[in-house]
Amino acid sequence: MGWFSSTEASSEGGDAAALSPELFAKIKAIQIRTQRVVNDVFAGEYESAFKGRGMEFEEVREYRPGDDIRHIDWKVTARMGHPFVKVHREERELTVMLVVDVSSSGAFGTGGTDPTIKSSGTSHVSILDRDGNALSMTTTIESSFGNGVMVRGFLLNNELTDFSFSPTDSDGNPVANRVEAGKRPRSSMSPSIVFDDGGKVEILTGSPGGSRIIGYTAQSIMNMIDFGLDPQEAINSPHYGNRNSNTELETAIPGVTGPGDAADLQAGLEARGHPVVVRSLTSGLSIIQVTKEGLVGGADKRRDGAVGGR
Ligand code: DON
């Protein structure tokens, strides 16, 4: 097993001498396929490793909905009275290192691909024990490593992002959710427990996903109660939502999201005058449903997560 880069392979001497022109031509013909194009940031606004903000400064421009608030240029924002972001030229080139395991371990297993996105910052767990105790818990430090400060072994959260980015609206009126001492951040976390008419636990559900959590959770409940889907079907069903601006439809993830035609839905909604955006909607739902046959669980393949029980 070894590794090389195309620069080394094409240079004179060294290990590159081992690569014949024929072999090098074959290597150049290799096509790399990914499971899906990463063309936006994940929910929770994590940058993809393959398309980041880059090193080179490009411009400072007005904040647009969907921009990562971590890129806000606070000096310009303070001077202009409304938010501006600093934009860096994105990396367009990708250094790829291929490491091939030629040992026999590759011959075991199903050979299936794992579409899981490892995500961090917010988690949801649903638990129901044999005595009927139920827990639906969403927990967050907002993003990987919170605000990056650790105190006595605890990472501090970064929940300032749950306040309004601007203290006033465009008319100068103070925004209720502005940053002020003594306030709690406005959270979208919606850990939910649904009870039946007799007060018995019926469904436990919840998700990470920032301000989209409310939609993900509500949709999972509707999918089960109104449309009769089981927990896994309810999770796999493509997401849609609107946070008082564009209507967002989920880009399909092959092998993960269920049936649905975003293009058709988009055309129908746009024909009725709705502005529509099709994008990845990375929920992380964890659901338990109590049925006559027993407990049924569902975990969201859009992130990591699993169903377990005994
Ligand atoms: O409390 C909230 O609503 C947010 N701090 C949650 C952040 C979150 O879910 C990020 N994860 N994807």
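The values are calculated or read from the model by the stated rules, or taken from the named source; none is laboratory data. Fair warning: this is a prediction, and the values are worked out from it, not measured in the lab. As a convention, Cβ positions derive from the backbone with ideal geometry for all residues, glycine included, and neighbour counts pool all protein chains shown. Just the protein is used for accessible areas: all its heavy atoms, side chains included, with ligands, DNA and RNA removed. Shrake-Rupley method; radii C 1.70, N 1.55, O 1.52, S 1.80 Å.
Tabulated values for the structure
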| read-out | value |
| --- | --- |
| Rounded accessible area per residue of the range 245-310, 1.4 Å, Å² | 56 Å² |
| Counted charge near Gly241, where neighbours are those whose Cβ lies closer than 12 Å (Asp, Glu -1; Lys, Arg +1) | +1 |
| Cα gyration tensor shape for the range 122-213, rounded if a/c is under 1.5, else prolate or oblate | oblate |
| Ranked packing of 241-248, 170-177, 199-206, 156-163, most packed first, by mean Cβ within 10 Å | 199-206, 156-163, 241-248, 170-177 |
| Sulfur and carbon atoms: percent of accessible area, the range 144-186 [1.4 Å] | 56 percent |
| Whether the range 173-310 is rounded, prolate or oblate, judged on the alpha carbon gyration tensor where a/c under 1.5 counts as rounded | oblate |
| Note, ³J(HN,Hα) from phi for the range 262-279, Karplus 6.51, -1.76, 1.60, rounded to Hz, x at Gly and Pro | 4, 5, 5, 5, 4, 4, x, 5, 5, 4, 9, x, 8, x, 10, 10, 9, 8 |
| Under Karplus coefficients 6.51, -1.76 and 1.60, residue-wise ³J(HN,Hα) of the range 246-259 in Hz, glycine/proline x | 5, 7, 9, 10, 7, 5, 4, 10, x, x, 10, 7, x, x |
| Restricting the range 207-289 to chymotrypsin sites (Phe, Trp or Tyr not before Pro) in coil, as DSSP defines it, with at most 13 other Cβ within 10 Å | Phe227 |
| Heavy-atom accessible area per residue - the range 144-186, 1.4 Å, Å² | 77 Å² |
